[in-house]
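The values are calculated or read from the model by the stated rules, or taken from the named source; none is laboratory data. None of the values given here were measured: they were computed from a predicted structure. All Cβ positions, glycine included, derive from the backbone under ideal geometry; neighbour counts span all protein chains shown.
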Amino acid sequence: MLLTLALLPMLVSAKAYTIKVGDLWYKILTHNRTCWVTSVSEEQYAGDIVIPATIEVEGYTFKVTQIDLVAFAGFKKVTSVVIPEGVTKIGMSAFDGCTGLQRVQLPSTITEIQEDAFASCPNLREIRCNATTVPKSESNIFDKTPVTKIKLIVPSSAVSAYKASTIWKRFVFGK
């Protein structure tokens, strides 16, 4: 989506700005050229979601660093999500109630997953987490999600750390 030239000064000087690029909505943080994946109430995401590591808006590059709170919450038709390298945080209830969600890929850069991030995702069957350090997480990030049926794939060097984690040890570890 292209902004009109009249909006460009507002984009550059504003602290935060929400815009749609491709199929996804982003909260643009102009002061540090980063952005968060977010949503707007009138649109729902569906299908296989691949989040890009960066987006371009009127010649400016913004690095995707977070998934905003409730960004995908309640979107029943989302089936998989690939979160790119560079994302460090998944916000509260980001994927809560995504009943169609089956697969998630987390980047090596993920450091924090907030409460209820993957709550009420009954069909979630695989999480591939590329982080060698177990992400800081609330105990209820998978509330009402059948974690004992989810295959967790992590780097081989990190398996013992995930198995020692209160949250992650209940998963089925796979390759």
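Side notes on the structure shown:
- Qualifying positions in segment 32-81 - at pLDDT 95 or above and of a type in the set (Ser, Thr, Tyr): Thr34, Thr38, Thr54, Thr61, Thr65, Thr79, Ser80
- Positions within segment 46-79 being part of a strand (DSSP E or B), out of contact with any Pro (no Cβ under 9 Å at 6 or more places or on another chain) and crowded, with 18+ Cβ neighbours inside 10 Å, in sequence order: Ile49, Ile55, Val57, Phe62, Thr65, Gln66, Ile67, Val78
- Restricting Ser108, Ser139, Ser93 to those that are over 13 Å from Lys76 (Cα atoms) and under 11 Å from the mean Cα position of the chain (by Cα) reduces the list to Ser93.
- Put simply, of Ala131, Ala161, Ala119 the only residue that is surrounded by fewer than 16 Cβ atoms within 10 Å (Cβ to Cβ) and touching a residue at least 12 places away in the same chain (Cβ under 8 Å) is Ala161.
- Of the residues making up segment 80-119, those that are within 12 Å of Lys144 (Cα to Cα) and either of a type in the set (A, V, I, L, M, F, W, C) or touching an Asp or Glu at 6+ places or on another chain (Cβ under 6 Å) (or both) are Asp96, Cys98, Asp116, Ala117, Phe118, Ala119.
- Total residues in segment 80-99 satisfying the condition of being touching a Cys at 6+ places or on another chain (Cβ under 9 Å) and surrounded by fewer than 18 Cβ atoms within 10 Å (Cβ to Cβ): the figure is 1.
- Test result for Ser137, under 20 Å from Phe173 (Cβ atoms), without any contact (Cβ under 8 Å) to a residue 12 or more places away in the chain and either of a type outside the set (D, E, K, R) or surrounded by fewer than 16 Cβ atoms within 10 Å (Cβ to Cβ) (or both): no
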